[in-house]
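Enquirer: I'd like to ask some things about the structure below.
The values are calculated or read from the model by the stated rules, or taken from the named source; none is laboratory data. Since the model is a prediction, treat every value here as computed from it, not as a measurement. A quick note on method: Cβ atoms are made from the backbone with ideal geometry, for glycine too, and the neighbour counts reach across all protein chains shown.
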Amino acid sequence: VKTMSPDTVSQLSKPLSSEVFQVMERNIIGMLGQLPSEQFNFQISTNRENLGQLLASAMMSGYFLRNAEQRLQFEKSLPTDDTLPTVE
């Protein structure tokens, strides 16, 4: 990540759909624990190894969701049965 340009990091960090954003948000909340931030001021402490595992898990989830999002876009771009010509 350090070697990537800020534009690339920004582009990769923003999902195309709100559905993917919501799934990512729920996943991160699930990994960190669910506390309402407006009622609590909390700080998370961990060691380097656990932080690396958290980052790896988040990255794998991101790759999975991005691939699912691309596949959905591809499937939406394909013609439906109604638009296909009939063969007799």
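Enquirer: When you look at Ser77, is it without any contact (Cβ under 8 Å) to a residue 40 or more places away in the chain, small (Gly, Ala, Ser), surrounded by fewer than 10 Cβ atoms within 10 Å (Cβ to Cβ) and farther than 25 Å from Ser18 by Cβ, yes or no? If you could, list the steps in order and put the result at the bottom.
Expert: Numbers: without any contact (Cβ under 8 Å) to a residue 40 or more places away in the chain: yes; small (Gly, Ala, Ser): yes; surrounded by fewer than 10 Cβ atoms within 10 Å (Cβ to Cβ): yes; farther than 25 Å from Ser18 by Cβ: no.
Answer is no for this residue.
Enquirer: Shifting gears a bit: Where the second residue is at pLDDT below 80 and loosely packed, with under 10 Cβ neighbours inside 10 Å and the first is in a helix (DSSP H, G or I) and lies in the stretch 4-31, which pairs have Cβ atoms under 7 Å and are six or more apart or on separate chains?
Expert: Val9/Val1
Enquirer: Test Phe64 against the stated conditions and say whether it is surrounded by 12 or more Cβ atoms within 10 Å (Cβ to Cβ), modelled with pLDDT of 80 or more and of a type in the set (Phe, Trp, Tyr).
Expert: In short, yes.
Enquirer: What pairs come out if I take residues in the stretch 44-55 that are among the β-branched types (Val, Ile, Thr) and pair them with residues that are part of a helix (DSSP H, G or I) whose C-beta lies under 6 Å away, six or more apart or interchain?
Expert: Nothing qualifies.
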